Structures are given as C-alpha cells and as structure tokens.
Amino acid sequence: MANEVLQKVGTQIRFFVTGSFSPVDVATNWTIGSPTDVVVLTLSAVAAAAGRQSDKVDLGATRAAAYEVLGCVDFTGETPTVGGTVDYYWAPSTHTTQANGNVAGNSGADAAAPGGALGTITLTEFVRQCIYIGSLVVHDGASVQNGFVGVLRPTGRYGQIIVINNSGDAFEADDIEAHTVMNPIVDEIQ
C-alpha cells in the first residue's frame, strides 16, 4: 500500500488586538475557535500609504514550511480605491528577544512600520528588505473587507507581519474587525 502526503490543520497564528477584537459579522472572521495565543498587531487608523508592524512571533523550533495568510481590514468609509491593495510582508528575525536581530534594526514590537529602525530608513526601503507575501485587493462596496493574501514560506523561526495600506482610504479608528491569520500548511505522510 502506497503512502500519501496529505495536509492537516495546524495551530492557527492570529494577529490582532485582544481587548478590541470582536467581529460583528462572522462572514469576515478568519479565526478558528476561541483565540487564546494572539500576536499583537494594531491596525486602528492606519492612514493610506502608511504601514504597521506586528509584535515579533515565534513560529516554533519545529514549524510548517508554509503558511496560508488571510487578512481582514476595516475602512473608515466605503471609499477605498477600486483595485487598491493592502500589502503584506514578512520581516524575518534571527533572535527570540523582541528588539534583537530584526530587519533594519526595527523594534520587533507592534508599531508604525518601520518602528524603531536604525537611521532614516523609509517604509518603501524597509519593505524591500522583507519577504513579500501578497496583497488583499479591495473594492469600494464594503467597509470591512477580507480575503486570501498569499502563501508565506518563512526562512526562519522568528518574524513579524508588516501591513501596508495602499487602498486610498484610512483604516477604521478601532481594532474590532481588523485581523490577520496564518494557517500552517502541514504535510503529513499517511
């Protein structure tokens, strides 16, 4: 009998603000089960052409080779530019300590990107040093929008999610709906 390489559901990694997260519509909520282990990513009031970085996350010594990344954002109105994007990047790190071993020397903390970076690096220069994951393409028909972003193949154990708002509209000034999830794609021989 031949073996098959199948995929199993791994433990979801969630990025949002725990005290604020309370999606009104389950249709746009990507979380599986009750969130317990959450990585902080504040997307409240991120202006158009601005970015945000999450707290550093530890993917584990034994981890999936790839992750499905799904995003959900909330706009101040239904005014993002049709075809605009919310772009997602991965800033790899080599160190467990939040402030150590980060792209461009950033803080490793939830902050406006590139928070705490060394020198005068711009957001554009910063993301060129990160791994591009993909984009959530937006429309002008809803304030809360969610979708598939891309597949991340992290190069190491630690890193941060970077979110760049290129939608033409600011994000809502709360974190009730906004969140990002990474679902491990775990191959298993059965």
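The values are calculated or read from the model by the stated rules, or taken from the named source; none is laboratory data. Predicted model, so just to flag it, every value in this text is computed and none were measured. Here the Cβ positions follow ideal geometry from the backbone for every residue, glycine too, while neighbour counts run over all protein chains shown.
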Residues satisfying the stated conditions in region 116-130, i.e. under 15 Å from Gly159 (Cβ atoms) and surrounded by fewer than 18 Cβ atoms within 10 Å (Cβ to Cβ): Gln129
Considering residues of region 97-115 that are surrounded by 17 or more Cβ atoms within 10 Å (Cβ to Cβ) and of a type in the set (A, V, I, L, M, F, W, C) only, the residue nearest to Ala49 (Cα to Cα): Ala113
Within region 25-139, strands (runs of 3 or more DSSP E) holding 3 or more residues that are under 18 Å from the mean Cα position of the chain (by Cα) and over 14 Å from Phe15 (Cβ atoms): 85-93, 131-137
Residues being modelled with pLDDT of 90 or more and either of a type outside the set (S, T, N, Q) or over 29 Å from Ser107 (Cα atoms) (or both) - total across region 1-18: 5
Region 60-73 residues that are touching a residue at least 40 places away in the same chain (Cβ under 8 Å) and over 19 Å from Val137 (Cα atoms), paired with ones that are surrounded by fewer than 20 Cβ atoms within 10 Å (Cβ to Cβ) and among the aliphatic types (A, V, I, L, M) (beta carbon under 6 Å, 6 or more apart): Ala64/Ile185; Ala64/Val186; Ala66/Val151; Ala66/Ile185
Test: Asp87 is in contact (Cβ under 8 Å) with a residue 40 or more places away in the chain, charged (D, E, K, R) and touching a Lys or Arg at 6+ places or on another chain (Cβ under 9 Å): no
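Per-residue answers, yes or no, for (1) in contact with a strand residue (DSSP E or B) (Cβ under 6 Å, 6 or more places away or on another chain); (2) surrounded by fewer than 19 Cβ atoms within 10 Å (Cβ to Cβ); (3) on the phi > 0 side of the Ramachandran plot:
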| position | (1), (2), (3) |
| --- | --- |
| Val82 | no, yes, no |
| Ala142 | no, yes, no |
| Asp169 | yes, no, no |
| Val186 | yes, yes, no |
Complete set of residues in region 18-59 that are among the charged types (D, E, K, R) and free of Cβ contacts under 8 Å to residues at least 40 places away in the same chain: Asp37
